[in-house]
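Q: Sharing a structure, written as structure tokens. Questions coming.
The values are calculated or read from the model by the stated rules, or taken from the named source; none is laboratory data. Given the structure is predicted, the values throughout are model-derived calculations rather than measurements. In this analysis, Cβ positions are derived from the backbone assuming ideal geometry, glycine residues included, and neighbour counts consider all displayed protein chains. These accessible areas exclude ligands, DNA and RNA; they are computed on the full protein's heavy atoms, side chains included. Shrake-Rupley method; radii C 1.70, N 1.55, O 1.52, S 1.80 Å.
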Amino acid sequence: MTHSAHTGAGNGFTMDATSKAIIEQLQEDGRRSYASVGKAVGLSEAAVRQRVQKLVDSKVMQVVAVTDPLQLGFKRQAMLGIRSTGDIIATADRISALPEVDYCVVVAGPSDIIAEVICANDEDLLRIITEIRAIEGVRETETFMYLSLRKQEYNWGTR
């Protein structure tokens, strides 16, 4: 393994400088054409298309439209700190399966699991908190309601 290459996510995909450059191009503008990306990274359009497909198939990256939940009618966003008992991974997987949960991680610290939820209103938020509290392995939750989103970017590159 060289300094510029490593294996991504234990899936056999080798990340190299060219793949990182493709990711950075798409983080700047996810609608950028493969031909344009190819010019920037020194590959043909077909080679970029193939690399992007491998990156997506190996779950190294996903190409999505990032929206503003408020503009789509979701008036409540919150981060939940969850303390767990038993199998933390299994509990996090059960929480992750809920459609309102858009982000879920196992963490070290006062909480065992952090989950972000996007809800239509306060009633919807109360319902999802109640659902999460009923999940096997959830001991307690702490809710942090978002009041003002100040920054949300996904263009941090591959460093």
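Q: Could you check how many residues of the stretch 49-75 are open to solvent by 60 Å² or more (accessible area, probe 1.4 Å) and farther than 19 Å from Tyr154 by Cα? Steps first, please.
A: Within the stretch 49-75, the subset open to solvent by 60 Å² or more (accessible area, probe 1.4 Å) is 49-51, 53-54, 57, 59, 62-68, 70-72, 74-75.
Cutting the leftovers down to farther than 19 Å from Tyr154 by Cα gives us 49-51, 53-54, 57, 72, 74-75.
The qualifying residues number 9.
Q: Go through (1) of a type in the set (Val, Ile, Thr); (2) within 30 Å of Thr18 (Cβ to Cβ); (3) modelled with pLDDT of 95 or more and name the single condition Thr158 misses.
A: Result: Thr158 fails condition (3) only.
Q: Spot the failing condition for Val101; the list is (1) over 30 Å from Met15 (Cα atoms); (2) open to solvent by less than 90 Å² (accessible area, probe 1.4 Å); (3) among the aliphatic types (A, V, I, L, M), and only one is missed.
A: Condition (1) is where Val101 drops out.
Q: Taking Ala120, is it closer than 17 Å to Gln71 by Cβ and aliphatic (A, V, I, L, M)?
A: It is true that Ala120 is closer than 17 Å to Gln71 by Cβ and aliphatic (A, V, I, L, M).
Q: Any chance you could count how many residues in the stretch 118-159 are aliphatic (A, V, I, L, M) and either within 12 Å of Lys75 (Cβ to Cβ) or not in a helix (DSSP H, G or I) (or both)? Outline the logic, then answer.
A: First, pick out the residues of the stretch 118-159 that are aliphatic (A, V, I, L, M): 118, 120, 125-126, 128-129, 132, 134-135, 138, 145, 147, 149.
Right, trim to either within 12 Å of Lys75 (Cβ to Cβ) or not in a helix (DSSP H, G or I) (or both) and you get 118, 120, 125, 134-135, 138, 145, 147, 149.
Number of matching residues: 9.
Q: Step by step: first the residues of the stretch 29-48, then only those that are within 19 Å of Asn155 (Cα to Cα) and exposed (fewer than 12 other Cβ atoms within 10 Å of the Cβ), then the one that is farthest from the chain's Cα centre (by Cα). Which residue is that?
A: Ser33
Q: Name the residues in the stretch 26-36 that are in a helix (DSSP H, G or I) and within 16 Å of Val56 (Cα to Cα), would you?
A: Once the filter is applied, which keeps residues that are in a helix (DSSP H, G or I) and within 16 Å of Val56 (Cα to Cα), the stretch 26-36 yields Leu26, Gln27, Tyr34.
Q: Within the stretch 76-98, count every residue that is open to solvent by less than 40 Å² (accessible area, probe 1.4 Å) and either in a helix (DSSP H, G or I) or in contact with a helix residue (DSSP H, G or I) (Cβ under 8 Å, 6 or more places away or on another chain) (or both).
A: Count: 10.
Q: Considering only the stretch 135-153, how many residues are open to solvent by less than 80 Å² (accessible area, probe 1.4 Å) and of a type in the set (A, V, I, L, M, F, W, C)?
A: 2
Q: Output yes when any residue across the stretch 52-60 is among the hydroxyl-bearing types (Ser, Thr, Tyr), in contact (Cβ under 8 Å) with a residue 24 or more places away in the chain and in a loop (DSSP other than H, G, I, E, B), and no when none is. Lay out the reasoning, then the answer.
A: Let us first name the residues in the stretch 52-60 that are among the hydroxyl-bearing types (Ser, Thr, Tyr), namely 58.
In the following step, the residues that additionally are in contact (Cβ under 8 Å) with a residue 24 or more places away in the chain were identified as 58.
Right, trim to in a loop (DSSP other than H, G, I, E, B) and you get 58.
Taking every residue of the stretch 52-60 in turn, at least one turns out to be among the hydroxyl-bearing types (Ser, Thr, Tyr), in contact (Cβ under 8 Å) with a residue 24 or more places away in the chain and in a loop (DSSP other than H, G, I, E, B).
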